[in-house]
Amino acid sequence: QHAPHTADNKQAIVHLFEWRWADIAAECETFLGPYGFGGVQVSPPTENRVITSPNRPWWERYQPISYRLNTRSGNDEDFKDMVHRCNQQGVRIYADVVINHMCADGGSGNGTGGSHFNADSLDFPGVPFGTDDFTDCGTCGTSDCSIQNYSDVNQVRNCRWASKLDSKLSSDYVRGKIVDYMNYLISIGVAGFRVDAAKHMLPGDLAAIFGRLSDLNTAYFPSGSRPFIAMEVIDLGGEAISSSEYTHLGRITEFRYGMQLGTLFRKQYGQKLAYLQFIGETWGMQWDNNALVFVDTHDTQRGHGAGGQAILTFRDSKLYKMANAFMLAFPYAFVRMMSSYYWDQWWEDWRDKNDWIGPPADGSGNTMGVSINNKGSCSNGWICEHRWRPNRNMVMFRNVAAGYGLSNWWDNRSNQIAFSREDRGFIAINNEVWWALDATLQTGLSSGDYCDVISGDLSNGGCTGKTITVGGDGRTHIYIAGDDEVPMIAIHAGSKV
Ligand code: AAO
């Protein structure tokens, strides 16, 4: 359950946040397959509460009201079509599953698939769930039945998170409904799951659920393949619950990684890129095989979750490309790239009051399709960071370097670094701004000409960007001006002319 089961051992996935299933299917065929992406994390596919105040926030999808596959991204058929077409391209689908809770307390109505629910009477006929299927306030122990203190383990596990109805995961019936839902996704052909709010569920309850999951569908996976599990557990240290409680069940989201990258690339508190040589376990992060890492997430890019102002997002495009390139080049953990949509921020009292704004939508709240222009970038509100050349090309770098270790680390003791992945790849990054990286460095690569995959591509036997010549001794002279648009050089065995 730690293995992502990507085709051809591909090394990175992308979170196509709020994308429609039809658009993801097309993206697998036209872009993700050809460029070596291992898979896609998709937004929660289960029917959710329709929230109109604020108007259709992205987070309504974290308030399920049934386990039917019917949301603004598409319906059951659309989902099946996407999974099949992506698997055909060797691109896996990982579903974001919200199983800790149903929707917030209070009110009633219909979900995105038309199922009725009544949160007042804890009635969800679409599953069905009734009063016996939710944690009662007595077990929680707080006045308002919600989590008030993260250092109280009982509260974090048995109270409502942000007043959402906490499903009773100790109940065999509730577990059965969740297992049926996840096994249905497995039968369709998904490769695994991002488990929402895992911190709020007992490891024992999760083990009982995961233990009842089927093996992956042999139409796409070797027999006996166990579903990939990536649990969302925010653990920056200092809380009662630690992510290590979950790592025997699968990987956990290592939030410290993105936070550290943001701090180092922003040079906060005198932090320097040179320190990156040791990022990972030595910094107290989870073991390589237990971690899923990212620069930002759909939460942290808008101040929900952990990391605060350090987090780099598409809005900091230069540093964002540099941080993503480092993450994709450095041999630690399994990598998930973020792909976002644009929203106008409205800062007031240190908070973005517009952090709720949902995906690009038409007048009646339907999510807009993703349109790709002739330069291969997205428009009508979709950012498509994964299509930015440095991000896109470094995915192939990570694939080519899979299984090869860190070597030839070099730094200027400050904000210029370079390193190899044995004889498979080499990257140099200059974050000094005021002066060039101007040095002859050991690349570890065999002699010859290589295309720099940051500034261009290898196409028709030539380089559309810079060409880097590596000498017989594996060394090359690197010059990266401090004010380069993207101050990095990256070459690998797949970009040799
Ligand atoms: C919405 C409204 C709420 C309303 C609720 C019910 O925003 O005002 O009460 O509906 O009507 C998403 C949105 C929520 C939204 C929710 C439901 O983010 O705003 O609520 O949908 O529609 C905790 C959880 C973690 C969760 C994170 C956002 O532990 O699981 O909050 N992430 C997932 C999803 C997320 C989703 C949900 C869960 C719910 O990714 O999109 O919410 O399904 C500390 C704790 C963390 C805790 C954070 C934030 O973190 O450690 O466990 O995460 O606080 O509450 C420093 C600390 C770090 C701390 C961090 C942030 O970095 O070191 O420990 O600050 O404070």
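General remarks:
- Expected 222 nm ellipticity per residue - DSSP helices of 4 or more, -39500 (n - 2.57), all of the chain, to 500: -5500 deg cm²/dmol
- Phi-based couplings in Hz for the stretch 7-19 (Karplus 6.51, -1.76, 1.60; Gly and Pro marked x): 6, 6, 6, 5, 10, 8, 10, 10, 8, 8, 5, 6, 5
- Residues S108 and E29, FRET efficiency given R0 of 35 Å [Cβ-Cβ distance, rounded to 0.05]: 0.30
- Approximate shape of the chain as ellipsoid semi-axes (Cα gyration tensor, √5λ), whole Å, largest first: 40, 24, 22
- Distance between modelled label sites at W287 and A219, nm, 7 Å Cα→Cβ extension: 3.6
- Residues of the stretch 65-109 with amide N under 19 Å of a point placed 7 Å along Cα→Cβ from A208: 98-102
- Overall dimensions of the stretch 140-230 by Cα: Rg and Dmax, Å: 15.4, 51
- Cut-off 20 Å (backbone N to label point 7 Å along Cα→Cβ of N412), residues of the stretch 420-449: 420, 426-443
- Ranking by accessible area, most exposed first, for T443, T6 with a 1.4 Å probe: T6, T443
- Residue-level accessible surface for E77, protein heavy atoms, 1.4 Å, Å²: 110
- Counting only protein heavy atoms and using a 1.4 Å probe, the accessible area of T464 comes to about 90 Å².
- Under 12 Å of direct C-alpha separation, and excluding same-chain neighbours fewer than eight residues apart, K272 reaches these aspartates and glutamates: D411, E432.
- Rounded to the nearest 20 debye, dipole of the stretch 324-480 from Cβ charges on Lys, Arg, Asp, Glu: 360
- Dipole magnitude for the stretch 228-381: computed about the Cα centre from +1 point charges on Lys and Arg Cβ and -1 point charges on Asp and Glu Cβ, it is near 660 debye.
- Nearest 10 degrees, 0 to 90: helix 76-88 Cα axis against the chain principal axis: 30
- Paramagnetic label reach from E77 (point 7 Å along Cα→Cβ; backbone nitrogen cut-off under 19 Å): within the stretch 37-56, residues 46-47.
- Measuring nothing but how far apart in sequence close Cα pairs (under 8 Å, 6+ apart) lie, relative to its length, the stretch 362-478 scores a relative contact order of 17 percent.
- Once the Cβ-Cβ distance of D132 and Q268 is raised to the sixth power relative to R0 = 51 Å, the FRET efficiency obtained is 0.55.
- Placing pseudo-labels 7 Å out from each Cα toward the beta carbon at W435 and N373 gives an inter-label distance of 3.9 nm.
- When each of K10/K318; K80/K199; K10/K375; K318/K353; K318/K466 is checked by Cα-Cα distance, pairs over 20 Å: K10/K318; K80/K199; K10/K375; K318/K353
- Base-10 log of normalised Debye intensity for the stretch 378-447 (one unit scatterer per alpha-carbon) at q = 0.12, 0.13, 0.19 Å⁻¹: -0.43, -0.50, -0.86
- S187-A481 FRET efficiency (beta carbon distance; Förster radius 41 Å; 0.05 resolution): 0.15
- Lys/Arg +1, Asp/Glu -1 at C-beta; the stretch 336-464 dipole; positive extreme among F397, A428, A418: F397
- Taking amide H atoms as placed 1.01 Å from N in the peptide plane, the amide H of Q416 lies under 5 Å from those of A274, N431, each 5 or more residues away in sequence or on another chain.
- Normalised by the number of residues in the chain, the mean separation of alpha-carbon contacts (under 8 Å, six or more apart) gives a relative contact order of 12 percent.
- Student exercise, the chain dipole from Lys, Arg, Asp, Glu Cβ charges, in Debye to nearest 20: 860
The values are calculated or read from the model by the stated rules, or taken from the named source; none is laboratory data. Given the structure is predicted, the values throughout are model-derived calculations rather than measurements. Ideal geometry is used to build each Cβ from the backbone, glycine not excepted, and the neighbour counts take in all protein chains shown. To get the accessible areas, we keep the full protein, side chains included, count just its heavy atoms, and leave off ligands, DNA and RNA. Shrake-Rupley method; radii C 1.70, N 1.55, O 1.52, S 1.80 Å.
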